[in-house]
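Written below as structure tokens is the structure these notes are about.
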Amino acid sequence: MTALGIDPPQIGTERLVMALPNGRILGEVMPLLRRIGIVPEPAFNDPQSRQLRFATADPRLDLIRVRSFDVATFVAFGAAQLGVAGNDVLMEFDYSEIYAPLDLDVGHCRMAVAVPADWAQSEDPRSWSHLRIATKYPEITRRHFAERGVQAECIKLNGAIELAPLLGVCRHIVDLVQTGATLKANGLVELERIADISSRLIVNRPALKTRPEEIGQWIERFRAAVGDRGRQRAEAAQG
């Protein structure tokens, strides 16, 4: 039993599993989880811990913490019944097994096309017919440009996308932009917005059918918490 009085997760139990993304989104979503009573065991916050699955104060729910792209995979294949994923991930993989009932109003950024600043003045998107683009999101990128009749040759990178134009791999990139500081630091400018991004509560569809009451309760708790937070923000802005 942990310091929270939580029994450690047991393999083969019927506990629900929620997949959470590492990084910035995790920090933004944790206050919302605490609001609805999801308090993980101490090892969850221990940077030295090698543990991958964590009990919570609710004996019906465990947490796993994985890469943002892997959240959707774990949920789609039923290893986790619930998760938090950006709609960038959902747009890229388009898993039919995933249901996204709620925008959690966290993780806000945008997906955009960017180019070196010295090219921006001469770029005319109307003249594009074929582009070579470095991106973490080849499917979204191809679909976006195909709708305009532009052939996108995508170079798949998993990080440091901004290096591609600097090292002559290509001129264009498609990546997530929050403040634009990383683009500016690497001599790039945003040329075109593809989509606004935020994080969603996601659910495994088969699990929702077999465990509708349990999962439905979690969806409604999240929905109520997001609504309460929105009202508090509106009241604070008016005050």
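The values are calculated or read from the model by the stated rules, or taken from the named source; none is laboratory data. Since this is a predicted model, take the numbers as computed values, not measurements. Note that we place each Cβ from the backbone using ideal geometry, even for glycine, and neighbour counts take in every protein chain shown.
Quick one: would you say ILE215 is under 17 Å from the mean Cα position of the chain (by Cα), crowded, with 17+ Cβ neighbours inside 10 Å, at pLDDT 95 or above and not aromatic (Phe, Trp, Tyr)?
Criteria not met by ILE215.
Being without any contact (Cβ under 8 Å) to a residue 12 or more places away in the chain and under 15 Å from GLU190 (Cα atoms) is the filter here, so list the residues in segment 122-167 that pass it.
SER122, ASP124
Looking at segment 187-215 only, could you name the residues that are basic (Lys, Arg) and closer than 22 Å to MET30 by Cα?
Result: ARG200, single match.
Which of the residues belonging to segment 115-139 are over 20 Å from the mean Cα position of the chain (by Cα) and either among the basic types (Lys, Arg) or not assigned by TED's automatic domain parsing to the domain that holds LEU191 (or both)?
ARG126, ARG132
Here are the criteria: (1) farther than 27 Å from HIS172 by Cα; (2) modelled with pLDDT of 95 or more; (3) not in a loop (DSSP other than H, G, I, E, B). Tell me which single one GLY27 does not satisfy.
(2)
In segment 97-139, which residues are within 25 Å of GLN178 (Cβ to Cβ), of a type in the set (Phe, Trp, Tyr) and touching a strand residue (DSSP E or B) at 6+ places or on another chain (Cβ under 8 Å)?
The answer is TYR137, and nothing else.
What tally of residues in segment 169-183 results from selecting those that are within 23 Å of the chain's Cα centre (by Cα) and surrounded by fewer than 17 Cβ atoms within 10 Å (Cβ to Cβ)?
5
Of all residues in segment 123-141 being buried (at least 18 other Cβ atoms within 10 Å of the Cβ) and of a type outside the set (Phe, Trp, Tyr), which is farthest from PHE69 (Cα to Cα)?
The selected residue is LEU131.
Just to verify a result, which residue in segment 11-53, among those that are of a type outside the set (Lys, Arg), more than 24 Å from ARG223 (Cβ to Cβ) and in contact (Cβ under 8 Å) with a residue 40 or more places away in the chain, is surrounded by the fewest Cβ atoms within 10 Å (Cβ to Cβ)?
GLY23
Going by what's in this entry, would VAL189 be described as more than 23 Å from LEU20 (Cα to Cα), of a type in the set (Val, Ile, Thr) and in contact with a Phe, Trp or Tyr (Cβ under 6 Å, 6 or more places away or on another chain)?
no
Of all residues in segment 41-79, count the ones that are aromatic (Phe, Trp, Tyr) and more than 19 Å from ILE25 (Cα to Cα).
Of the residues in segment 41-79, 1 are aromatic (Phe, Trp, Tyr) and more than 19 Å from ILE25 (Cα to Cα).
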